[in-house]
Amino acid sequence: MGMAQHIAQKLRLTAALLGTVARKDLAAAFRGVNPKTAFDLGRADKWLQGRAQPRELSVYDDWSKLLKLEQPGAWIAESALPDFTAAICARHGVDRGELERRAGAHFETAAGHEERSLGLALAGTYACYSRALSPYYRGQLIRGSLSIEAGPGAHGLTAAYREALPTGQLLLGGQVTSAKRGLYAHLKEASGEAQFFLCLFPHSRPGSVLGGYMVGGAIIGPEPQPSLTRMLIVRLRHRAPEAWGGYLPPDASIARDLASLGVAIEQPEMVDRQLAQFLVGDSDGGASQIPPAEFRAIVDVFDRHWLRHSD
């Protein structure tokens with residue numbers, strides 16, 4: 001076998017011809033013609049991205065069987081892309097322009113397939129509970145609502161986060177990024193300068209609850225304070241009413257609050273203890289915050305040193 005070329009495009013054309021979307025369906029089609037095929041789901045990723053290509057001739061032979069071609073596997077590997085496309089269109093009576101269009105759309109789908117299935121899995125509305133960042137509400141919880149939407153195509157996920165504060169509605173939005181080791185969202189206020197960053201545990205199905213940290217600055221307070229709080233994000237079946245949200249006293253029942261939103265959990269007292277323990281976590285009841293004076297004392301030391309030695 002000589003040089004294999006255009007493998008990613010040829011695989012995409014094959015997938016489009018078979019009408020398969022997910023890589024696992026393509027792998028299943030190869031197994032259909034040879035149960036012992038060397039077409040490997042793990043490596044198919046790299047093959048479809050053009051970062052590698054199958055080295056075993058047997059993969060190309062299985063491919064030829066799959067496409068019912070008269071040409072041997074080596075021809076699939078080495079042929080020019082237009083020749084390959086013409087051969088499969090002729091063999092299967094498919095319009096070439098249509099197949100190429102489907103393959104282009106299919107690739108976006110394949111790349112976006114995992115993302116989109118994740119997007120659909122995450123899309124929805126959630127009730128959020130975290131420690132109030134404002135020193136005026138220290139020790140209280142704040143409730144916010146989060147809605148996650150899957151963007152068109154593979155354009156990822158967007159989130160909108162809302163809190164009903166005594167000073168009015170706070171609304172932030174931004175991108176959600178899902179990675180193997182976490183789910184991240186960077187949210188910015190449209191009409192102001194508030195920003196929050198969510199760093200959450202990776203999404204797991206069925207996805208009834210998300211949790212992790214929220215980092216940001218206190219919105220209501222005399223001093224800017226970088227703050228960190230644990231956050232619990234519970235999926236709702238119906239959107240929370242507009243009036244819902246704002247502060248909860250420290251001894252309020254989250255389970256009862258969730259029940260008012262249609263999430264009635266068994267053993268509410270036990271769940272309340274568990275949630276309270278999670279939310280307080282590594283703080284003394286409030287959000288984890290740096291007292292401004294403590295930081296300013298350090299700034300003072302280093303600023304003086306810097307100025308003394310700056311000539």
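The values are calculated or read from the model by the stated rules, or taken from the named source; none is laboratory data. Note that the structure is a prediction, hence the values are computed from the model and not measured. Cβ sites come from the backbone with ideal geometry, for glycine too, and all protein chains shown count toward neighbours.
Would you kindly identify the helices (runs of 4 or more DSSP H) lying entirely within the stretch 243-309 that contain at least 3 residues that are within 21 Å of SER227 (Cα to Cα)?
Details: elements: 254-259, 268-280, 292-308.
The qualifying helices (runs of 4 or more DSSP H) are 268-280, 292-308.
Run ARG239 past the list (1) assigned to a loop (DSSP other than H, G, I, E, B); (2) farther than 25 Å from LEU122 by Cβ and report the number of the one that doesn't hold.
Result: ARG239 passes all but (2).
One line per residue, one yes/no per condition, for (1) outside any loop (DSSP other than H, G, I, E, B); (2) exposed (fewer than 14 other Cβ atoms within 10 Å of the Cβ):
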position	(1), (2)
LEU187	yes, no
GLU193	no, yes
PHE196	yes, no
SER204	no, yes
GLY207	no, no
GLY211	yes, no
GLY216	yes, no
ILE219	no, no
PRO222	no, yes
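If you go through the stretch 8-25 one residue at a time, how many are farther than 21 Å from ASP95 by Cα and either among the hydroxyl-bearing types (Ser, Thr, Tyr) or crowded, with 19+ Cβ neighbours inside 10 Å (or both)?
In the first step, residues of the stretch 8-25 are kept if they are farther than 21 Å from ASP95 by Cα; the result is 22-25.
Then keep just the ones that are either among the hydroxyl-bearing types (Ser, Thr, Tyr) or crowded, with 19+ Cβ neighbours inside 10 Å (or both); that gives 23.
Looking only at that region, the number is 1.
So the check is Cβ under 8 Å with 6+ separation or different chains; which pairs have a first residue in the stretch 241-258 that's modelled with pLDDT of 90 or more and a second one that's part of a loop (DSSP other than H, G, I, E, B)?
GLY246/PRO166; TYR247/ALA132; TYR247/GLN140; LEU248/GLN140; ALA255/ILE265; LEU258/ALA264; LEU258/ILE265
Out of LEU232, LEU187, which single residue is modelled with pLDDT of 90 or more, in contact with a Cys (Cβ under 8 Å, 6 or more places away or on another chain) and not polar (S, T, N, Q)?
Working: LEU187 fails: in contact with a Cys (Cβ under 8 Å, 6 or more places away or on another chain).
One residue alone meets the criteria, LEU232.
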